[in-house]
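Coordinate-derived values only; no laboratory data. Quick caveat, the model's predicted, so the values are computed rather than measured. Note that each Cβ is placed from the backbone with ideal geometry, even for glycine, and that neighbours are counted across all protein chains shown.
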Amino acid sequence: MNLSLGVKVLVVIICALVSVIIGMVAGLLNHDPGTPKRKSVIFGGGVFGGSLTLAVVVLSALGVL
């Protein structure tokens, strides 16, 4: 695919926003009442990084990026 730079940046921004939502949901699901929120935030951040990496790698393999 021959996409312009602006479209590629938009695709990466959309991937980042979807990854933020996935990380937030994972952090919420990981949190236990009465425990510090620190572990849930770190877990959500790890899920964010993993999902963003996976999305960018898949889009690169498909030739979008």
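All but one of (1) over 21 Å from LEU65 (Cβ atoms); (2) under 14 Å from the mean Cα position of the chain (by Cα) hold for THR53; which doesn't?
(1)
Among the residues of region 20-65 satisfying the criterion of being assigned to a loop (DSSP other than H, G, I, E, B) and touching a helix residue (DSSP H, G or I) at 6+ places or on another chain (Cβ under 9 Å), which is nearest to LEU5 (Cα to Cα)? Before you say what the answer is, go through the steps one by one.
Filtering region 20-65 down to residues assigned to a loop (DSSP other than H, G, I, E, B) leaves 31-37, 63-65.
Next, only the ones that are touching a helix residue (DSSP H, G or I) at 6+ places or on another chain (Cβ under 9 Å) stay: 31-32, 37, 64-65.
On the way: HIS31: 39, ASP32: 43, LYS37: 39, VAL64: 11, LEU65: 9 Å.
So the residue we want is LEU65.
Is there any pair with a first residue in region 10-39 that is surrounded by 10 or more Cβ atoms within 10 Å (Cβ to Cβ) and a second that is among the acidic types (Asp, Glu) whose Cβ atoms are under 9 Å apart and which are 6 or more apart or on different chains, and what are they?
Note: pairs meeting the criteria are LYS39/ASP32.
How about region 1-23: which of its residues are more than 15 Å from GLY44 (Cβ to Cβ) and small (Gly, Ala, Ser)?
Once the filter is applied, which keeps residues that are more than 15 Å from GLY44 (Cβ to Cβ) and small (Gly, Ala, Ser), region 1-23 yields SER4, GLY6.
Pick from GLY34, GLY44, GLY6: which is closer than 29 Å to LEU62 by Cβ and more than 16 Å from the chain's Cα centre (by Cα)? First the steps, then the outcome.
Working: GLY34 fails: closer than 29 Å to LEU62 by Cβ; GLY44 fails: more than 16 Å from the chain's Cα centre (by Cα).
The unique qualifying residue is GLY6.
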